[in-house]
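Enquirer: Handing you a structure now.
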Amino acid sequence: MINIIVSSDPRYYINKAAIEAVVADFLHRHRIGGKVEVGVNIVGDRKMHELNRKFSRIDTTTDILSFALEDPNS
């Protein structure tokens with residue numbers, strides 16, 4: 001089962017269906033299936049900077065920040 005969760009701050013207009021379609025297409029083209037969950041959260045520069053500083057120890061904003069749901073080495 002593939003579960004795609006798309007969220008954003010209400011002040012940003014996003015097309016959730018289009019984002020879900022792109023993610024689903026990517027997973028299909030790369031033959032990724034089974035029990036999969038992908039979360040996409042659209043944030044502004046200030047929030048991205050805060051998240052980078054907190055989780056990556058990078059004191060700037062970036063385009064993408066990703067996290068593994070589970071540790072593949074455990």
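The values are calculated or read from the model by the stated rules, or taken from the named source; none is laboratory data. Since the model is a prediction, treat every value here as computed from it, not as a measurement. Don't worry about glycine lacking a Cβ; one is built from the backbone with ideal geometry, like all the others, and counts go over all protein chains shown. The protein model used for the area step is the full one, side chains on, heavy atoms only, and it has no ligands, DNA or RNA in it. Shrake-Rupley method; radii C 1.70, N 1.55, O 1.52, S 1.80 Å.
Enquirer: Using only C-alpha positions, report the orientation-averaged shadow area of the convex hull of segment 1-52, nm², one decimal. Don't skip to the end; give the middle numbers.
Expert: Working: hull surface 17.2 nm².
It is 4.3 nm².
Enquirer: If I model a spin label as a point 7 Å beyond the Cα along the Cα-Cβ vector, how far apart are those points for residue 7 and residue 57 in nm?
Expert: 2.8 nm
Enquirer: List the residues, sorted by chain then number, that are 5 or more residues from residue 38 or on another chain and whose placed amide H is less than 5 Å from its amide H.
Expert: Long-range HN contacts for residue 38: 3, 4, 5.
Enquirer: In sequence order, what are the phi-derived ³J(HN,Hα) couplings for segment 56-67 according to the Karplus relation 6.51 cos²θ - 1.76 cosθ + 1.60 with θ = phi - 60°, rounded to whole Hz, with x for glycine and proline?
Expert: 10, 6, 10, 8, 7, 9, 9, 6, 9, 9, 10, 9
Enquirer: Give the carbon-plus-sulfur fraction of the accessible surface of the chain in %, rounded to a whole number; probe 1.4 Å, heavy atoms of protein chains only.
Expert: With neighbouring chains kept in place, the figure for the chain is 53 percent.
Enquirer: Could you calculate the contour length gain from residue 43 to residue 68, that is, 0.36 nm times the residue separation minus the distance between their Cα atoms, to one decimal place in nm?
Expert: 7.1 nm
Enquirer: Something else about it: How many nm separate the modelled label positions at residue 15 and residue 36, each set 7 Å beyond the Cα in the direction of the Cβ?
Expert: Modelled inter-label distance: 2.2 nm.
Enquirer: Ordering 54, 47 by how much accessible area each has at a 1.4 Å probe, largest first, what is the list? Don't skip to the answer; put the middle values down first.
Expert: Details: 54 145, 47 90 Å².
Putting 54, 47 in descending order of accessible area: 54, 47.
Enquirer: For residue 29, what accessible surface area do you get with a 1.4 Å probe? Give it in Å², rounded to 10.
Expert: Solvent-accessible area, nearest 10 Å²: 140 Å².
Enquirer: Let me ask something else about it. What number comes out for the charge environment of residue 3, summing +1 per Lys or Arg and -1 per Asp or Glu over other residues with Cβ under 14 Å away?
Expert: 0
Enquirer: Do you know the relative contact order of the chain, to the nearest whole percent, from alpha carbon pairs under 8 angstrom that are 6+ apart?
Expert: Relative contact order of the chain: 32 percent.
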